[in-house]
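First up is the structure itself, then whatever we jot down about it.
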Amino acid sequence: MRDRMRALAAVVALGLAMAVAPVAVAADVSLTVVPDQTEVPPGGQVEFSALFLLPAETVTVESLTSAALGDLTDPGNPGLESTTCDLPVVVGPDDSFGAYDFGCTYVVRFDGAPGARPDTVTAVVRRASASEVTVTATADVTVSADVGALVGRVTDDVTGAPVDGVRVLAWGPAGSSRGDTTDASGHYGFSGLVPGAYRLHAGNLVELVPSEYAPEWYRDRADAATADTVAVVGGETSSADLALALGGRITGRVTDAATGTPVEGADVSHRDAVLGGPMGGHGTDATGRYTVAGLPSGTFEVCASLPGYRSACVTGVDVTVRETTAGVDLLLVRESAARLTVAVEVVGEAFLGGPVTARILVGNVGAEAVTDVVVDPESEGCSAAVSAPVVVVGDADDVLEPGESWAYTCGRPSVVVGVVRVQVTATAPGGVPVEADGHLVFELADPVTVTVTPSATSVLAGAVVDWAIDLRNVGPYPMVGAAAEARVLYPDWTGPVPYADADGPEPLDGDADAVLEPGEVWRFALSLPVMVPGSYLDVAARAAPAASPGTGLAFTGRSAVIVVTAVPDGTELPDTGAPGHLRALVPVGLGLVLGGAGLVVVARRWRSTA
């Protein structure tokens with residue numbers, strides 16, 4: 001049998017198969033025959049699985065016959081390529097699926113011209129009461145010239161001996177793939193393939209079945225991109241043989257780092273750039289020894305893990321096919337019974353761009369004391385300067401006992417990301433390292449508020465509005481480089497947007513130097529036209545903390561919505577002489593507003609008559 005896993009998959013597919021193919025039922029006993037494929041080329045092979053749905057009792061299957069092939073349990077049946085149907089057999093219900101799978105599969109080769117190949121399969125079942133039940137099922141396959149087959153053999157590249165139990169994968173057109181496992185004679189096969197070019201790979205990539213042979217692509221190519229392809233032609237059977245080399249081996253020993261004693265039952269895994277990984281399943285024996293076999297030539301990372309220990313890895317392990325790389329030993333460090341917790345909080349209010357102080361609380365919630373406690377800050381929000389610990393719970397020695405907690409503080413002069421992240425390391429008895437980390441994401445208040453006041457709240461469309469933009473320093477530190485720019489936005493507007501840099505600043509509260517001190521207010525001014533109802537001014541302001549002028553901060557603000565009234569026909573707007581003011585507007589079907597800074601498209605189109 002080429003792939004025993006098909007029988008198990010067929011159990012899962014039972015309900016679907018019964019819905020697709022008619023199933024004859026006698027009393028409460030039913031039979032279904034599931035083919036692994038329903039369309040094959042001339043000469044293609046199909047594996048059938050016979051399955052029962054039976055009452056909740058133990059029964060005996062006495063016989064299984066085919067109208068076209070005869071006795072399906074006879075290994076000498078000339079119509080069969082192979083069979084595993086060994087009868088009579090006592091079977092019972094499968095609690096997982098409610099089906100009886102007694103491992104009965106048979107393989108048929110479909111020679112001859114294309115066409116349907118219906119068959120009727122009959123089973124005789126004897127119940128516990130000694131009564132017999134006869135049930136039948138259909139087994140349909142279509143021989144088609146529109147599909148092809150691919151068969152071959154996998155052998156040892158030195159001895160030529162067949163290689164059993166190796167997975168062969170075929171990748172075809174449009175990303176299709178098929179898999180098969182070699183039998184005792186090394187044969188594999190795929191039937192019902194869409195015509196096209198196929199790439200073949202042999203080897204147990206995920207090691208569902210251990211193999212001593214190194215995986216490789218057809219004709220010993222390095223990868224899928226360079227692998228030779230095999231052409232599959234509709235109505236024909238192509239062939240491709242693969243010769244595998246005995247893979248390289250890695251051997252070594254896993255021991256306890258503190259005691260030097262062997263570690264039994266550790267899982268050893270490996271990975272590399274070609275196979276990926278990690279791929280495990282290599283356990284250590286009572287002496288701590290392990291063997292990883294079936295590897296291609298390359299450089300590997302080998303890791304060992306076991307609950308109660310920290311994982312350990314060795315990198316740069318070179319492997320060559322047919323050879324053994326020995327002495328790759330790994331030391332496992334026991335996990336400590338000590339457990340640390342880390343909590344972080346911000347002291348006081350934190351302003352964007354300003355200083356922040358963080359309090360870090362480290363507690364020992366484990367069963368062992370720790371020493372050499374180190375708080376290592378990471379990322380933004382905390383500088384490398386960490387204070388000495390302050391005892392919160394416990395005594396004032398250098399040992400953090402179970403149940404005790406210590407507090408640390410650290411700061412940063414200028415924070416633009418509201419995150420404090422720290423890592424804590426310590427040492428448990430026996431030199432075992434202990435680690436914990438904690439983080440805090442917090443809100444940063446803006447040190448500058450932006451207030452926007454228009455000179456009018458109700459205007460005619462196209463009128464220029466004077467805008468006052470006030471920046472107030474509400475934070476605890478001075479700001480430099482304050483400036484503002486603005487644009488007029490309209491609901492659902494898709495055209496060009498009027499914008500300008502604001503003039504100023506004019507100090508309203510405080511002195512007239514270049515520093516916006518805490519509590520001071522600076523005013524900026526600009527003029528921009530308003531054309532559409534619902535217009536408002538959107539402001540982008542900027543400044544930087546005086547202690548860190550390179551840290552530019554952004555602040556935003558917006559005005560209340562301005563009520564805009566359409567201009568009556570023939571109405572002239574007064575000329576104030578200010579840039580951007582309009583002289584006279586006359587409604588037309590298509591036009592532009594003429595402004596001091598250029599032409600601006602408006603929602604209601606106008607043309608200047610001046």
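Bear in mind these aren't lab numbers, they're just calculated from the coordinates by the rules spelled out. None of the values given here were measured: they were computed from a predicted structure. Cβ sites come from the backbone with ideal geometry, for glycine too, and all protein chains shown count toward neighbours.
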Amide proton proximity set for Leu330, modelled H, under 5 Å, gap of 5+: Arg253, Val254, Thr255
With eigenvalues of the C-alpha gyration tensor scaled by 5 and rooted, the stretch 148-244, Å: 21, 14, 12
For the stretch 260-325, alpha-carbon Rg and Dmax in angstrom: 12.0, 35
Volume of the Cα convex hull of the stretch 424-499, divided per residue and given in Å³: 229 Å³
Spread of Cα-to-Cα distances over 10 Å intervals beginning at zero, given as percent, for the stretch 448-565: 14, 44, 26, 14, 2
Sorted by Cβ neighbour density within 10 Å, fewest at the top, the residues Arg109, Arg199, Arg359: Arg109, Arg359, Arg199
Taking all pairs of distinct alpha-carbon atoms in the stretch 379-437, Kirkwood radius in angstrom: 13.4 Å
Built amide H within the under 5 Å cut-off of Val515, gap 5+: none
